[in-house]
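Just so you know, all these numbers are worked out from the coordinates, no wet-lab data involved. Bear in mind that the values here come from a model prediction, so they are computed numbers and not experimental data. So basically every Cβ, Gly included, is an ideal-geometry build from the backbone, and we count neighbours across all protein chains shown.
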Ligand code: GLU
Ligand code: ZN
């Protein structure tokens, strides 16, 4: 089976150093496996997406010579497909409307306890839709972290697939689109490791294939906070492209030789594709970076 990988940024701001790590790791893993590397813009949440952010991300990737294959898929253009998946779950009585509040869920011990499972008033205003989980254990072998197991009902609970505000939830959209794009391997940040069992669970309910997964450490600041667009981590400065790629290769523990630092980006990428070793990536949940510049 031929390899298809992807990078799936949410356009909540320009790329920052943390997102570059995920972009580069997924790119190198795809290219080192003679695969295609697809790009998906996860623009499902308009209030959180500054105008122009998606275009900026594309320009940043191009400036770094991280060229994607095929056309960019925009999740905002795929809403009817998420609805079809939801309908499929509905027909199997595997989802239900719910308007439990955050405090109510906290009182359940923070894992949703199935309170609204018997409801089927799907047309009610202002309700979220949750998928019904069960006690099966979902297991997968992460290429970096090894065996991961989760009992979805006990550890995650019935989770939201369509939000109260009418937006489709990430967990549903990502599963529908990884299948739509024929993704065979997902390389992404460790912060999504604990979403993976829920995604595999949904794949099973929807009879979709399960890709292989590799989760890479995420970058945190000295206080241990994830570098994220919401916290205004500095956008990457693509005029310093070669240094950025070099630093990212070092963070990914690919041991680039020092003379590569002054090489052009295409030269660095060619070296990195040839020498890519996913097993060298630190087996850490997160890595601290001092300054993001
Ligand atoms: N859009 C998600 C993010 O930017 C990533 C989703 C994924 O890789 O599955 O955090
Ligand atoms: Zn409820």
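Calculated over segment 167-217, the projected area of the Cα convex hull averaged across directions stands at 3.5 nm². Treating each Cα of segment 109-181 as one equal point scatterer and applying the Debye formula with no solvent, the log10 of I(q)/I(0) at q = 0.23 Å⁻¹ comes out as -1.17.
Stokes-Einstein, applied to the Kirkwood radius of the chain over Cα pairs at a viscosity of 1.306 mPa s and 10 °C, places its translational diffusion at 79 µm² s⁻¹.
Here the label points at residue 142 and residue 271, each 7 Å from Cα along the C-beta direction, are separated by 3.0 nm in the simple model. Note on residue 120 and residue 234: their simple-model spin labels are 5.7 nm apart, each label 7 Å out from Cα toward Cβ. Seen through its C-alpha gyration tensor, with square-root eigenvalues sorted a ≥ b ≥ c, segment 198-293 comes out oblate because a/c lies at 1.5 or above while a/b is not bigger than b/c.
What number, rounded to the nearest 500 deg cm²/dmol, is the helix-based mean residue ellipticity at 222 nm of the chain, given -39500 (n - 2.57) per DSSP H run of at least four residues and division by all its residues? Computed ellipticity for the chain at 222 nm equals -9500 deg cm²/dmol.
Extending 7 Å from Cα along the Cβ direction at residue 135 and again at residue 226 yields two label points whose distance is 3.1 nm. Extension gain, residue 261-residue 288: 0.36 nm per intervening residue step, less the Cα-Cα distance, totals 7.6 nm. Against the main long axis of the alpha-carbon atoms of the chain, helix 79-91 sits at an angle near 40°. Principal-axis analysis of the Cα atoms of the chain puts helix 241-251 at an angle of about 70° to the longest axis.
Against the chain, whose longest principal axis is taken from its Cα atoms, helix 265-275 shows a tilt of about 70°. Residues within the reach of a label modelled at residue 79 (point 7 angstrom out along Cα to beta-carbon, backbone nitrogen below 11 Å), restricted to segment 154-190, are 166-168.
Segment residue 108..residue 180, full-extension length gain: 22.4 nm, with 0.36 nm per residue of separation and the alpha-carbon distance subtracted.
Note: relative contact order over segment 12-72, using C-alpha pairs below 8 Å and six or more positions apart, is 50 percent. Straightening the chain between residue 2 and residue 163 buys 54.5 nm, computed as 0.36 nm per residue apart minus the Cα-Cα spacing.
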